[in-house]
1. In percent, what relative contact order does segment A:69-145 have, based on Cα pairs under 8 Å that are 6 or more apart in sequence?
2. Output wanted: per-residue J couplings in Hz (rounded whole) for segment B:25-34, from phi through Karplus 6.51 cos²θ - 1.76 cosθ + 1.60, θ = phi - 60°, x for Gly and Pro.
3. Can you tell me, using C-alpha contacts under 8 Å and at least 6 residues apart, the relative contact order of chain A as a whole percent?
4. Testing the spin-label approximation: label points 7 Å from Cα along Cα→Cβ at residue B:70 and residue A:14. State their distance in nm.
5. Test of understanding: extend the Cα→C-beta vector of residue B:49 to 7 Å, then name every residue of segment A:104-130 with backbone N under 14 Å from that spot.
6. So what is the calculated 222 nm ellipticity per residue for chain A, using -39500 (n - 2.57) for each DSSP H run with n of 4 or more, over all residues, to the nearest 500 deg cm²/dmol?
7. Please list, or write none, the lysines whose alpha carbon is within less than 30 Å of the alpha carbon of residue B:2, excluding same-chain residues fewer than 8 places away.
8. Write out the chymotrypsin sites (Phe, Trp or Tyr not before Pro) in segment A:63-145 meeting two conditions: DSSP loop, and at most 14 other Cβ atoms within 10 Å of their Cβ.
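Quick note: the coordinates plus some simple rules give every number you see, no bench work behind them. In this text, all values refer to a predicted model and were calculated from it rather than measured experimentally. Cβ sites come from the backbone with ideal geometry, for glycine too, and all protein chains shown count toward neighbours.
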Amino acid sequence: MSFRIAASPLDPAALKASLADAHAGACVTFEGWVRDHNDGRPVQALDYEAYGALAEKEGARIVAETLAKFPVTRVVCVHRTGSLKIGDLAVWIGVASAHRGAAFDACRYLIDEVKARVPIWKKEHYADGATEWINCATRGEFSDR
Amino acid sequence: MKTLRVQYFAILREQRGQAEETLSTTAGDAAALYEELRAKHGFTLPVARLRAAVNGEFAAWPAPLKDGDEVVFIPPVAGG
């Protein structure tokens, strides 16, 4: 049962092996990949940055909530930091459970909560050389977006 | 006056031009401290779009501060 931040590339095969459990009849995994576009703009690369100590604390809370809400046997979530290229693996989540329903539901819960709550930030590098911190745009002093 | 350590991440780190600093302030809470720093450094995000963390844990606004606290302002997150 773990959540961690990783500064180096992830190894999905090793992560999946860590879920092995004789009680499990289902394993659902989610991989978040770096894609080449966002909001209609061509993306060339991403930087992920995390507030590591609090990210791992909040991630551990999400894992604990997942175990309380769904009858799952094992949960692993790892999120990358650093500079990533198109196609790189940014986040890996794996859930094992006795039956498939709980594994699908728990996996979806984990990725949704991680995206909404864990202090990780993403900077996109566009083909035209511009960059942007996602979700941090401001239009002006009196805008709340 | 209290002495605080402030860490900056992501857009705030770039706008501040450094990742951390130790500073002295009369601000009584993190919300007031952010307004003070925003005026000084031109941070674009309004306080309403941030969360605060004090001593490594989320703290509800206005997040009262005492001498020696470590403060982090958390811009809108974007993991995944």
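1. Taking the mean separation of contacting Cα pairs over the length of segment A:69-145, I get 21 percent.
2. With coefficients 6.51, -1.76 and 1.60, one gets 8, 9, 4, x, 8, 5, 5, 5, 4, 4 Hz.
3. Dividing the mean separation by the residue count of chain A yields 34 percent.
4. 2.8
5. A:122
6. -9500 deg cm²/dmol
7. A:57, B:40, B:66
8. In loop regions of segment A:63-145 (DSSP not H, G, I, E or B), the sparsely surrounded chymotrypsin sites (Phe, Trp or Tyr not before Pro) are A:142.
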